[in-house]
Amino acid sequence: MAANFGTLCGNLVGALLRTLLTEEQLYAWGWRLPFLSGILIAFVGVYLKLHGDTSNTEVGQDDRKDTHWEEVFRKENLPALGAATFTPMVSHDILSFCSYFLLQQFYHLIISIQP
């Protein structure tokens, strides 16, 4: 759900920049604005890391810091591990391709729409 929301927000920011800036402004400096916002949100992450409350662990959850890699990569866990890594990659590729394809197909309609 969060990845979908992030994709939606990214598309909205892109549409907003294309609407507010001329093509020359967008190519000259406008493309940097989303990256600057990413830097700003990094400060929020650092603040939460330093000041966040992590005391609400679930009952029965052990606080071991070590990871048992042999358990993660057991033969019976490999299909789930493969699905957990392969599915997001394929979903991202399909979403990116569809967005690019639709933009190429309907670019002339988008540009001709007057606000």
Check: Based on the Cβ-Cβ distance of Val44 and Ile94, what FRET efficiency does E = 1/(1 + (r/R0)^6) give at R0 = 30 Å, to the nearest 0.05?
Finding: 0.50
Margin query: Report the gain in length on full extension from Ser37 to Leu16: 0.36 nm times residue separation, minus Cα-Cα distance, nm rounded to one decimal.
Written below: 6.2 nm
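Bear in mind that the values in this text are calculations on the coordinates, not laboratory data. All values reported here derive from a predicted model rather than from experimental measurement. Heads up, the Cβs are rebuilt from the backbone with ideal geometry, glycines too, and the neighbour counts pull from every protein chain shown.
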